[in-house]
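Below is one structure; the comments refer to it alone.
Every number here is computed from the coordinates shown, using simple stated rules; none is lab data. Quick caveat, the model's predicted, so the values are computed rather than measured. Don't worry about glycine lacking a Cβ; one is built from the backbone with ideal geometry, like all the others, and counts go over all protein chains shown.
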Amino acid sequence: DGVEVQAPRGELLIKVAQDYGTYIPRFCYHERMKPVGMCRMCLVEVEGMRGLQISCATPVVEGMVVTTQSPDVKEAQDGVLEFLLINHPLDCPVCDRGGECPLQDQTLAFGPGESRFVEEKRHFEKPIPISDLVLLDRERCIQCGRCTRFAAEVAGDPLIDFGGRGSSTEVITYPGAPFSSNFSGNVVQICPVGALTARSYRFKARPWDLSAVETSCQSCSVGCRGVLDSASNRLVRFLGVDSEPVNHGWLCDKGRYGYEWVHAKDRLNIPLVARGGGLVPESWPQALELATSVIRDVFDKHGAKAIGVLGGAQGTNEDAYAWARLAKGVIGTDNVDAQLGDGLPAEVVIGMERATIADLDSARAIVLLGPDLKEELPVLYLRVRRAAVDLGVPLVDIGASNTGLTPYAQAVLRHLPGDPEAVTEKLAAALAGQPTRPDELRPLLEAIDKRALIQKEGPVVVVLGRSSVAEAADATVRAAAILAQAGISAKFLSALPTANVHGALDLGLAPGFLPGRVTLAAGRDELAKTWARVPEEQGLGAAEILASAARGEIKLLVLLNCDPIADFPDGQLAKDALKNVEHVISLNSFTNESMRHADVVFPITVWGEQRGSISNIEGRVSRLGRKITPDGSTMEPWRIATELAARLGHEIDLESFTEVQDEIAQVAPAFVGVDSKLISWARDGAVLPVADHAAEITLALSSLDQNKRSAGVSWEPIPTSGEDTPDNGAVPPAVISPPRPAQALYSWAKQAPERTAALADSYSLRLVASRTLYGNDLITTQSPSLARLATVTAQLRVNERERDRLGVADGEVVRVISSRSSIELPLVVDPNVPERVALVATNRDAPGASDLVDSNESVTDLRIETLSRPVIKES
């Protein structure tokens with residue numbers, strides 16, 4: 001339009017125009033999907049080219065002259081809109097898209113103003129459920145193909161498509177196969193007309209009734225950015241924000257619809273104390289005094305070593321720091337662990353050379369050495385899949401069973417649970433350039449050679465986590481050490497799934513470590529300037545804490561928003577610990593089995609009610625926004641810690657979450673420069689240590705800047721004018737130049753633990769115990785939309801050959817025997833499970849995997865016995 005602009009060669013014309021402030025109307029185009037040119041709304045004139053051109057599929061070239069507004073363009077836009085409106089119902093007052101609908105907006109801005117169509121519009125039955133979460137209104141559909149392309153291109157779940165021809169074309173699902181994708185809610189967000197609506201939001205609110213705040217999701221540890229909407233102090237919607245380094249605007253369904261649990265009827269909203277054989281309500285002052293007296297009594301009689309603190313991975317960074325300071329700096333105990341036996345040693349997670357999510361795109365290869373990302377870290381699955389499928393990054397899948405990414409891997413290396421070293425050594429040697437090429441690795445190495453033609457340098461990104469809690473973490477650490485020592489420039493991307501486990505570990509909720517990724521010995525002298533004391537000796541981890549409590553040595557357990565009986569892999573050990581420990585203090589939002597042993601229960605604020613920050617799998621610190629005020633009298637966990645410290649005679653002078661953030665920036669070496677201002681300004685967060693990643697920080701300079709960068713969010717830019725929008729009057733600097741930490745951060749020595757002999761395989765199968773996306777966790781069971789998807793009954797999953805060898809029918813109840821105990825489960829055939837392996841999901845109601853696992857054993861072997869029971873069909 002007469003303005004000269006510069007753009008990267010090959011960039012699409014519609015994107016270049018948008019970046020320079022010229023909006024070309026569109027329906028089918030989405031920045032995160034391949035262009036298709038279906039809607040014809042984005043037509044423009046290009047000098048020298050015959051006819052109008054679709055700007056969403058036209059790359060820019062040197063000297064191109066483009067006109068986006070002309071009589072011919074206007075006539076084309078009028079025609080497209082008039083055609084789309086022929087059968088589109090005029091039900092805007094009751095449509096969930098009304099008020100934020102691109103069809104409304106573009107009809108007003110670019111349409112003809114009146115319609116010549118006077119016939120009866122077509123009518124369909126509506127709405128039609130295409131899944132348990134998504135409803136389809138066929139009358140509104142304009143066949144832009146956004147939903148079908150997302151399902152196939154991005155999610156890899158091509159379960160919806162177009163059926164019919166001409167005027168009979170409509171979105172359909174396949175017979176007997178609903179749109180059962182972990183990412184189905186994204187099609188609702190990107191649908192430009194309200195043809196696809198969310199069951200949870202349908203008829204709930206209008207856009208002008210909502211206020212919004214930008215925040216991070218806490219359903220897992222990826223830390224997806226999103227906008228949280230509320231109306232009348234109730235959360236009603238969560239939309240993905242297009243954060244370039246993290247989630248690209250996508251959310252999994254658990255993250256998208258999991259906000260509903262915040263309003264569950266049985267949430268705790270008043271302190272409880274043990275009295276008369278049960279838990280009864282009490283005032284905050286009395287509850288805090290009782291907790292203080294319990295801590296003081298145990299400390300005076302038995303010392304700090306008799307106190308253990310478990311959990312903290314579900315809270316904020318501020319909560320983690322305050323409780324680390326209370327436990328280690330006031331009480332003096334180092335028996336602190338945020339991980340409940342489901343993670344990796346803290347020295348590995350804290351000290352390994354970390355990759356970022358963006359490193360996946362430029363990697364020489366990606367090695368999966370962890371859980372099924374599609375079930376445990378769904379949006380990380382999308383990023384890995386995109387790197388492998390769209391960008392051609394070679395993928396290796398190491399594990400005991402198939403995962404959602406197995407179909408995209410060039411090399412699939414299977415091993416018996418607890419024994420990954422042999423296949424990992426073979427892979428490491430091949431990646432390091434060993435002359436001989438094993439047959440099973442030949443496709444991988446050929447793909448790497450091909451990749452080297454366009455990507456000569458780049459790390460080997462190892463996605464590292466626990467694929468099964470039925471085996472010791474040592475085997476995974478040994479495999480990681482093999483790759484770290486192989487000379488292949490390996491970087492590690494953590495796959496620990498608990499929401500803020502990385503922030504909790506970074507801020508001291510781990511034995512042997514202090515806030516800021518430093519050990520007790522390295523950080524003691526500096527931290528003693530701020531803290532009253534620092535533990536002299538390294539304390540116990542979660543398994544040791546529970547074992548010590550079961551023996552009666554630990555007298556007090558503090559449970560930070562956790563339930564060891566449900567969460568710890570060895571359920572029997574957790575039950576013994578809670579049964580034998582003298583005192584329990586619990587911070588939680590719902591009642592649970594472990595809480596029944598508590599002396600005091602403190603109700604806490606949760607996601608959506610609390611300001612602060614979290615750290616994701618990269619170590620990216622990002623802001624949490626508060627959208628509603630909690631019902632009842634709940635309190636932030638960090639504030640409970642300061643209240644208890646004051647009553648114990650050690651005043652912690654922290655009055656707000658920003659003061660906690662500023663103290664962390666002063667005393668925690670890895671957090672140098674990450675103060676409350678930077679957390680507020682950094683739109684996509686800041687990766688630690690921030691001095692190494694300062695150039696990657698995108699400052700939220702203004703709402704206009706935010707809108708410009710959010711083109712792929714929902715349909716239009718999402719305003720974030722909520723009560724928590726950062727606006728402290730301070731203007732961020734043009735460039736962030738944070739100082740480097742004065743202390744050296746802890747670095748993993750890449751040493752592998754000694755290999756312990758596995759149990760003799762006298763039983764028939766070896767157990768893999770892992771999570772699924774929907775189980776008996778609170779987010780799922782307390783959110784009505786997700787509860788319909790939950791599977792809470794455990795099943796024994798084996799392949800068909802093992803089922804036939806056992807001589808049982810699919811669905812038949814069998815007795816499962818381990819060295820720990822025996823339980824009865826229905827047997828289900830699963831083709832993704834290899835021979836000699838049995839899979840039982842951990843997030844299920846008892847009896848389940850936690851009844852079979854013995855934390856003292858390196859692996860869990862099973863024997864199966866048949867019973868005379870009726871067959872149970874799988875739901």
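Structural remarks
- Å³ per residue enclosed by the Cα convex hull of the stretch 760-843: 106
- Look at Arg267, Arg26, Arg225, Arg116 and count the other Cβ atoms within 10 Å of each Cβ; fewest to most, that gives Arg116, Arg267, Arg26, Arg225.
- Glu170-Asp692 pseudo-label distance in nm [points 7 Å out on the Cα-to-Cβ vector]: 5.6
- Net charge contributed by nearby residues that have their C-beta within less than 10 Å of Ala682 (K/R +1, D/E -1): +2
- The Thr866 and Arg442 beta-carbon pair, evaluated with R₀ = 45 Å, returns a calculated FRET efficiency of approximately 0.60.
- According to the calculation over all Cα-Cα pairs in the chain, the P(r) per 20 Å bin from zero is 14, 46, 33, 7, 0 %.
- Residues Thr316, Thr333, ranked from the fewest to the most other C-beta atoms within 10 Å, line up as Thr333, Thr316.
- Charge dipole (Cα centre; +1 on Lys/Arg Cβ, -1 on Asp/Glu Cβ; no other charges) of the chain amounts to roughly 840 debye.
- Restricting the calculation to Cα atoms, every distinct pair contributes to the Kirkwood radius of the stretch 347-494, found to be 15.0 Å.
- Largest-first principal axis extents, alpha carbons of the stretch 27-131, Å: 50, 36, 22
- For the stretch 765-871, the relative contact order works out to 38 percent when only alpha carbon pairs closer than 8 Å and six or more residues apart are counted.
- Under 20 Å from the Glu593 label point (7 Å along Cα→beta-carbon), backbone N, the stretch 767-783: 768-782
- Close amide-amide hydrogen proximity is noted between Ser211 and Ser230, each under 5 Å apart and 5 or more residues distant or on a separate chain (H modeled in the peptide plane; Pro and chain starts excluded).
- Placing unit charges on the Cβ atoms of the charged side chains and taking the dipole of the chain about its Cα centre, the candidate lying farthest along the positive direction among Ala490, Val621, Gln795 is Gln795.
- Taken along the Cα-to-beta-carbon direction at a fixed 7 Å, the label points for Ala846 and Ala358 span 4.8 nm.
- Helix-derived mean residue ellipticity, 222 nm - over the chain, DSSP H n ≥ 4, -39500 (n - 2.57), to 500: -6500 deg cm²/dmol
- With the simple model of a label 7 Å out from the Cα in the direction of the Cβ, Asn856 to Glu651 spans 5.0 nm.
- Pairs of Cα atoms nearer than 8 Å and 6+ residues apart set the relative contact order; for the stretch 347-494 it is 34 percent.
- Length-normalised contact order for the chain - Cα pairs under 8 Å, 6+ apart - percent: 14
- Within the stretch 255-271: backbone nitrogen closer than 19 Å to the Ser293 label point (7 Å, Cα to C-beta): 271
- 10 Å binning of all Cα-Cα separations within the stretch 573-713, expressed as whole percents from 0 upward: 10, 29, 30, 22, 8, 2
- Radius 9 Å from Cβ of Pro245, net charge of other residues (Lys, Arg +1; Asp, Glu -1): -3
- The calculated FRET efficiency for the pair Phe162 and Thr629, based on their C-beta separation and a Förster distance of 41 Å, comes to about 0.35.
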